[in-house]
1. Can Ile94 be described as more than 16 Å from the ligand (Cβ to nearest atom), assigned to a helix (DSSP H, G or I) and within 22 Å of the chain's Cα centre (by Cα)?
2. Could you tell me which of the residues Tyr28, Tyr89 is of a type outside the set (Lys, Arg), more than 32 Å from the chain's Cα centre (by Cα) and modelled with pLDDT of 95 or more?
3. Can you go through Ile126, Ile138, Ile117, Ile130 and tell me which one is crowded, with 20+ Cβ neighbours inside 10 Å and either aromatic (Phe, Trp, Tyr) or closer than 30 Å to Pro449 by Cα (or both)?
4. Asn2 - would you say it is more than 18 Å from Met101 (Cα to Cα), polar (S, T, N, Q) and surrounded by fewer than 19 Cβ atoms within 10 Å (Cβ to Cβ)?
5. Taking the condition crowded, with 19+ Cβ neighbours inside 10 Å and over 25 Å from the mean Cα position of the chain (by Cα), does Ala104 pass?
6. In region 81-91, which residues are within 16 Å of the ligand (Cβ to nearest atom) and either farther than 17 Å from Val227 by Cβ or crowded, with 22+ Cβ neighbours inside 10 Å (or both)?
7. I'd like to check something: does region 62-72 contain any residue that is within 16 Å of the ligand (Cβ to nearest atom) and under 22 Å from Thr103 (Cβ atoms)?
8. Which of the helices (runs of 4 or more DSSP H) found entirely inside region 175-282 contain at least 3 residues meeting this: of a type in the set (Asp, Glu) and either in contact (Cβ under 8 Å) with a residue 24 or more places away in the chain or under 30 Å from Val34 (Cα atoms) (or both)?
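The values are calculated or read from the model by the stated rules, or taken from the named source; none is laboratory data. What you are looking at is a predicted structure, and each value in this text was computed from that prediction instead of being measured. Here the Cβ positions follow ideal geometry from the backbone for every residue, glycine too, while neighbour counts run over all protein chains shown.
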Amino acid sequence: MNLRAGRLGKKMTEKAADFTSSLEFDKYIFEADVDLNIAHTTMLKQEKIIDSSIADNIITVLKKLKIEGIESLNLDPSVEDIHMAVENYVTDQIGEEAGFMHTAKSRNDQVATDLRIVLKVKIREIQRDILDFIQGIIEMAQEHTKTVIIGYTHLQHAQPTTFAHHLMAYAQSLKRDYERLDDTYNRVNLNPLGSAAMTTTSFPINREITTEILGFDSYMENSMDAVCSRDFIAETVFDLSLMVTSLGKICEEMVLWSTHEFNLIEISDEFSSTSSIMPQKKNPDVAEISRGKTGVLYGELMTILTILKAIPYTYNRDLQEITPHLWNSVETAHAMLDIVKDMLLTIKINSDRGLELARANFATATDLADVIVREKNMPFRIAHKIVGRMVTDAIDLNLKAEDIDSKFLDNICMDLTGKKLDIDEDLIKKSLNPLENVKMRKVPGGPSPEMVNMAIENLNEYLKTEINKFNL
Ligand code: ARG
């Protein structure tokens with residue numbers, strides 16, 4: 001069928017056809033488009049809008065096409081898009097009767113529907129893999145509830161924590177990424193079909209039937225909105241951008257922690273490269289490429305938003321330009337999720353080094369201040385000042401946290417307040433010990449092994465419920 005035969009005298013130039021065709025990335029929606037045509041034709045038949053035997057012929061051919069696959073289609077750019085290619089195929093098989101399948105339908109509502117059908121599947125696949133990743137992180141965390149490491153603020157030593165506590169922070173961030181996709185899914189799960197070009201149709205179509213057959217929650221309530229809204233794409237790509245942000249932060253830490261200076265982890269060989277000239281090198285290329293791909297996602301999001309900006313209602317061909325950026329975002333984010341998962345779950349942690357770093361640099365000072373507050377009923381600000389001075393003096397004198405005793409503190413306190421502090425030696429030692437420090441943080445959300453175990457249990461419960469939803 002030549003779509004142009006009615007209105008247009010001339011063919012597009014080859015360049016113009018190439019320039020405007022969406023066929024290259026329509027491969028993603030091929031199956032969805034065939035399914036859509038089957039659903040639509042079934043509805044037309046049921047509502048007696050088209051002849052029942054013609055509908056059956058059309059459906060038989062469409063089912064055959066689904067089995068044969070996209071290779072059976074003529075995908076010359078002059079065909080414009082997958083919707084025409086599918087219709088042409090049916091026409092080739094049964095002749096002009098095929099034209100009935102396009103009754104009460106437009107490529108405008110078709111493409112909007114196809115994109116949603118495919119995106120629903122892709123979102124669920126990514127969500128499933130996020131859950132797997134979280135599961136892996138939990139298992140790793142269980143092994144490390146007493147592996148002390150140093151925590152950072154401003155990338156300066158801050159307070160001791162455990163590797164498990166840190167891992168569970170990753171897990172929580174990924175959980176939110178999962179939830180965001182879940183929420184977006186509800187808005188993707190709406191059926192534009194039946195909107196036709198923009199104002200529906202005068203044929204008595206039944207939108208509930210196609211909504212049901214295609215597995216959507218409900219149909220979209222306004223046909224103008226339905227054919228031209230792509231915010232479902234923008235929000236999916238935003239969700240994915242945040243997900244790769246979570247992943248990129250993990251990558252950044254893998255890069256940093258595997259340096260000689262940090263020496264906290266070793267990335268497994270399978271996720272490392274070497275240098276063509278420096279034989280000693282072990283480079284964290286997977287983490288770096290992943291970190292870089294975060295930028296690809298942000299770029300795609302910006303591209304999509306910029307194309308969407310100020311498009312007047314309703315369908316405009318600009319919208320087609322968004323599609324390849326959606327699929328690139330989905331594929332890039334998904335690949336990154338997979339690889340970062342495999343990389344993180346196979347790192348080796350150097351727990352001696354973790355403890356060494358946690359001991360260094362007076363990272364336990366907050367606790368010493370807390371002890372002073374508790375024991376001496378002193379306002380935290382004064383305790384903060386005493387301990388701050390203690391650290392400065394200790395650094396001047398080349399002393400470490402374990403060298404600090406009650407007398408040392410008394411002298412400083414005398415100087416600052418005119419009184420001795422007189423704190424029990426044991427309390428000082430305990431507060432300056434990183435593992436004790438961590439154990440004392442028994443507040444929900446904190447790093448004590450009990451609290452991390454509780455967090456693990458809670459997240460495990462959540463995972464169970466969510467994984468079950470996938471098995472329904
Ligand atoms: N390839 C088009 C797209 O992706 C399909 C819709 C075309 N509609 C039209 N009126 N030319 O948006």
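1. It is false that Ile94 is more than 16 Å from the ligand (Cβ to nearest atom), assigned to a helix (DSSP H, G or I) and within 22 Å of the chain's Cα centre (by Cα).
2. Tyr89
3. Ile130
4. no
5. yes
6. Once the filter is applied, which keeps residues that are within 16 Å of the ligand (Cβ to nearest atom) and either farther than 17 Å from Val227 by Cβ or crowded, with 22+ Cβ neighbours inside 10 Å (or both), region 81-91 yields Ile82, His83, Met84, Ala85, Val86, Glu87, Asn88.
7. No: region 62-72 contains no residue that is within 16 Å of the ligand (Cβ to nearest atom) and under 22 Å from Thr103 (Cβ atoms).
8. Helices (runs of 4 or more DSSP H) meeting the threshold: 231-257.
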